[in-house]
Structures are given as C-alpha cells and as structure tokens.
1. Would you mind stating whether residue 69 is in contact (Cβ under 8 Å) with a residue 12 or more places away in the chain, surrounded by fewer than 16 Cβ atoms within 10 Å (Cβ to Cβ) and not in a loop (DSSP other than H, G, I, E, B)?
2. Just checking, how many residues over the range 1-28 are in a helix (DSSP H, G or I) and either closer than 19 Å to residue 195 by Cβ or touching a residue at least 40 places away in the same chain (Cβ under 8 Å) (or both)?
3. Among (1) closer than 26 Å to residue 162 by Cβ; (2) crowded, with 16+ Cβ neighbours inside 10 Å; (3) out of contact with any helix residue (DSSP H, G or I) (no Cβ under 8 Å at 6 or more places or on another chain); (4) modelled with pLDDT under 95, which single condition is residue 100 missing?
4. Please verify whether the range 98-118 includes one or more residues that are touching a strand residue (DSSP E or B) at 6+ places or on another chain (Cβ under 9 Å), touching a residue at least 40 places away in the same chain (Cβ under 8 Å) and outside any loop (DSSP other than H, G, I, E, B).
5. Does the range 31-44 include one or more residues that are part of a helix (DSSP H, G or I), over 27 Å from residue 94 (Cα atoms) and touching a helix residue (DSSP H, G or I) at 6+ places or on another chain (Cβ under 9 Å)?
6. Name the residues in the range 17-35 that are touching a strand residue (DSSP E or B) at 6+ places or on another chain (Cβ under 6 Å) and either surrounded by 20 or more Cβ atoms within 10 Å (Cβ to Cβ) or at pLDDT below 95 (or both), would you?
7. Looking at 82, 95, which is the one that is over 20 Å from residue 174 (Cα atoms), under 20 Å from the mean Cα position of the chain (by Cα) and either assigned to a helix (DSSP H, G or I) or in contact (Cβ under 8 Å) with a residue 24 or more places away in the chain (or both)?
8. What number of residues within the range 120-144 are exposed (fewer than 14 other Cβ atoms within 10 Å of the Cβ), out of contact with any helix residue (DSSP H, G or I) (no Cβ under 7 Å at 6 or more places or on another chain) and farther than 23 Å from residue 196 by Cβ?
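The values are calculated or read from the model by the stated rules, or taken from the named source; none is laboratory data. Source: prediction; values computed, not measured. FYI the Cβ positions are ideal-geometry reconstructions off the backbone, even for glycines, and counts take in every protein chain you see.
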C-alpha cells in the first residue's frame, strides 16, 4: 500500500502544522513505514509513505529541509513556477510573515519572497532530500476554460528542468482539480501525477494518485487509526 501525504505550511491554521508536531510526526512515520519518492520500488508487505508539500513556501526551506537532512528523509515539493524568484536577501523573518492567503498576490510575492527561490530549490535538489514536481505555472484551476494549459502543464516543466539539476517527472494538480482532457494532457508529459483524495494507492503507474490531507494535525499518529486505514482502502476500491 502507498499513502501519499499532503502538507502545506509550518505554523498555525488549517493549512499548517506546528514544527514540533511535524518533528514527532515524521519520527513516527520513519519508524513504521518506508519513505519513498515517485518511481521508487514499493516493498512488499509494508506500507510506503510519500511526503508531499505543496506551493514551495519559504518555510519549507527554512524549517522542513533542515529536518529532512537531520532525519535522513526525502520529500516531494510541488512548485508553482510563476512565484519563484531567482534569489532573495530579505531576512527570514520578513519572508515567513507573509500570510498564506496573500502569498500569491501580485505585489506581495515579488517584494516579500514568501516562496523558495531558484537558488534555494537548487540547493535542496542537489542534497538528494528533495524532489521537485510541477505544481503548474500560476497555481490556477486547470479545469477553467480560459486557462492556458500549455503554459501551466508544459511550460512549467520546461522552466523547472532548465533551472534545476533534476528531471521533472511529477505533476501536482492545483486544488486537486482535474477533468479528462487535463488528465490526458498531463499523462503525456508526466509519468506521475497527484490529486487530492483520502485514498490508498498500490502502484506508481496508476495516475492520478490519491493524496491524503495532512495539515492541521492534532497528534502525530492521527492519520493512521484503524478507521482511517479502512477509509483509505475503501476509497481506493
């Protein structure tokens, strides 16, 4: 069984977890499951976990990346290309204080650099602890008729592969939204794709893969009660 967990921010609120809780949560996962990235072999008889973070907020570089190195873990990071600056000299505190709801607004991301920079992304990819996925170009709902799908799906991949020392093989759907035509387009350009949905997966090549929301946890093992495990299984049938 493969469970893909979906995280966003470090902090407070419905799209975040505290750093302290995440440390206990990751330790819980490391002690019980195989931690994998897209395409890794899935060990038989053992549940595998893929850690996936959306949006590439600066707090991932500031808080999560050091923890991944310390605990020898790996994670998938969905990057919305439009919001990535080349580099930033702003103090970390100033970049971290931008609210989740404002980070992607014009005038904020250019001045406050609330997302990882290309410089930071390159460092993380080179470490072997972070694999980057496309999270589209502008983080928009791909099912809207006015969306430029070539830019969101194809151009975003081209930019990532030009900027980073890594082949881009995964796509993370913004808002988890998709339809048949979008899914077919992404399937032609990415071996792996990820949507939202509290279900289990059993192999990598059945896309889009379900992801289980893992923000706003109340305790480290919250996602792994017998009831939750049954729910994941039933959703996948």
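1. So residue 69 passes the test.
2. Qualifying residue count, the range 1-28: 9.
3. Here residue 100 meets the rest and fails (1).
4. yes
5. Yes.
6. 29
7. 95
8. 2
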